[in-house]
1. State yes or no: is Val12 in contact (Cβ under 8 Å) with a residue 12 or more places away in the chain, of a type in the set (Val, Ile, Thr) and under 28 Å from Arg244 (Cβ atoms)?
2. Given the range 1-101, what strands (runs of 3 or more DSSP E) lie entirely inside it while holding 1 or more residues that are within 10 Å of the ligand (Cβ to nearest atom)?
3. Looking at the structure I just gave you, is Val231 part of a helix (DSSP H, G or I), touching a strand residue (DSSP E or B) at 6+ places or on another chain (Cβ under 9 Å) and within 19 Å of Gly8 (Cα to Cα)?
4. For a quick check of your reading of the model, give me the residue pairs whose first member lies in the range 180-203 and is under 28 Å from Leu299 (Cα atoms), whose second is of a type in the set (D, E, K, R) and not in a helix (DSSP H, G or I), with beta-carbon atoms closer than 9 Å and at least 6 apart or on different chains.
5. Is it true that some residue in the range 103-118 is away from the ligand (no atom under 16 Å from the Cβ) and part of a helix (DSSP H, G or I)?
6. Out of (1) in contact with a Pro (Cβ under 9 Å, 6 or more places away or on another chain); (2) in a helix (DSSP H, G or I); (3) closer than 29 Å to Arg273 by Cβ, what's the single condition that is false for Pro249?
7. Restricting the first residue to the range 112-140 and requiring it to be among the charged types (D, E, K, R), which pairs with a second residue that is open to solvent by 30 Å² or more (accessible area, probe 1.4 Å) and modelled with pLDDT of 95 or more meet a Cβ separation below 7 Å and a spacing of at least six or different chains?
Amino acid sequence: MQKIAIIGAGRVGEASAQFIAAGRLCREIALVDIHDGPPKGVALDLQQTGLVLDSDTHLSGSSDYASIAGAGLVIVTAGLPRKPGMSRSDVLESNVQILDSVVEQVMRYAPDSMLLIVSNPVDVLTYRAWKKTGWARNRIFGQAGILDSSRMAAFIASETGLSISDITTMVLGGHGDNMVPLPRYCTINGVPISHFIETKRLDEIIQRTRDGGAEILGLRQNSSAYDAPGVAVTAMVESIVLDRKRLLPCVALLDGEFSQSDIAIGVPCVLGRNGVERVVDLDLDDDERANFEHSVASLRTDMALL
Ligand code: NAD
């Protein structure tokens with residue numbers, strides 16, 4: 001892929017641009033924001049990392065959407081982040097309006113692109129973008145589960161003292177208090193996690209994963225997380241641009257998988273050059289299914305506000 005656009009040159013937009021450029025995943029990154037100066041400043045700053053990072057990616061910043069023309073992938077990070085004490089749903093009203101305006105511009109200037117939604121509430125906004133564009137569902141997806149799974153893996157690595165490289169975690173469902181971590185799919189190099197961590201402690205880790213974003217926001221006060229979100233976005237970008245076909249938890253539009261339709265929610269997806277090339281349906285046990293359906297119900301409540 002030659003060109004990637006990032007809408008929203010705030011913290012997550014900047015971190016994503018930084019990791020994508022450092023990974024040499026495309027030739028050009030166009031940053032767009034509602035303000036003209038900040039995306040230009042971010043682009044210039046990152047451009048000056050090129051020598052040390054050995055990256056030839058060209059970065060530009062603008063408030064003019066014409067600059068995204070030719071992008072194969074548009075990453076949407078524009079929107080209000082939540083403040084301490086707020087849930088992701090609390091920014092729904094303002095961020096839907098922002099998303100609608102962004103999607104209009106993307107349809108005008110990059111009508112053949114794919115859309116990766118990051119702005120919160122990410123599941124609802126991914127659904128909204130799909131409805132607004134009318135595009136095929138493989139072209140519209142969101143980032144949530146890679147970040148949530150990474151958080152869980154980091155806590156497990158700290159708890160066990162074992163290498164994070166060997167840890168596999170899987171977090172599905174909505175990106176919020178009702179996310180669905182799946183301990184049954186959690187292993188350390190194939191050995192079930194129950195071999196290393198007793199149930200009560202694992203439950204505490206699962207709760208800390210659910211609260212992972214709020215914990216960082218509470219500590220930083222003036223910013224939500226952006227480094228781990230930036231690398232999570234980059235993992236999706238890498239699988240798409242290199243056509244790696246990685247199996248990653250992503251927000252995808254369902255059409256019968258997990259017995260759900262007409263909803264976007266976190267599920268395991270195969271990501272390749274065509275975006276979400278496959279949703280991998282899992283045989284959930286009774287508890288997992290109940291948690292997943294609870295997450296679906298909570299998302300449908302938010303979707304009803306659209
Ligand atoms: P931020 O405030 O640092 O950046 C947001 C940027 O969006 C700002 O630069 C702002 O000027 C811009 N913006 C606002 N309205 C716009 C518009 N109409 N057009 C273009 N740009 C516009 O916030 P952040 O920390 O980068 O977070 C951005 C979003 O990402 C938030 O909604 C946050 O909740 C979400 N987020 C999602 C995840 C995830 O895993 N999905 C993780 C972290 C943050």
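The values are calculated or read from the model by the stated rules, or taken from the named source; none is laboratory data. Bear in mind that the values here come from a model prediction, so they are computed numbers and not experimental data. Please note: Cβ atoms are built from the backbone with ideal geometry, for glycine as well, and neighbour counts cover all protein chains shown. Surface accessibility is based on the protein's heavy atoms, side chains included, excluding ligands, DNA and RNA. Shrake-Rupley method; radii C 1.70, N 1.55, O 1.52, S 1.80 Å.
1. Taking the combined requirement at face value, the residue satisfies it.
2. Per the criteria, 3-7, 28-32, 73-76.
3. no
4. Arg184/Asp285
5. The answer is no; no qualifying residue exists.
6. (2) is the only condition that Pro249 fails.
7. So the pair list comes out as Arg137/Trp130; Arg137/Asp255.
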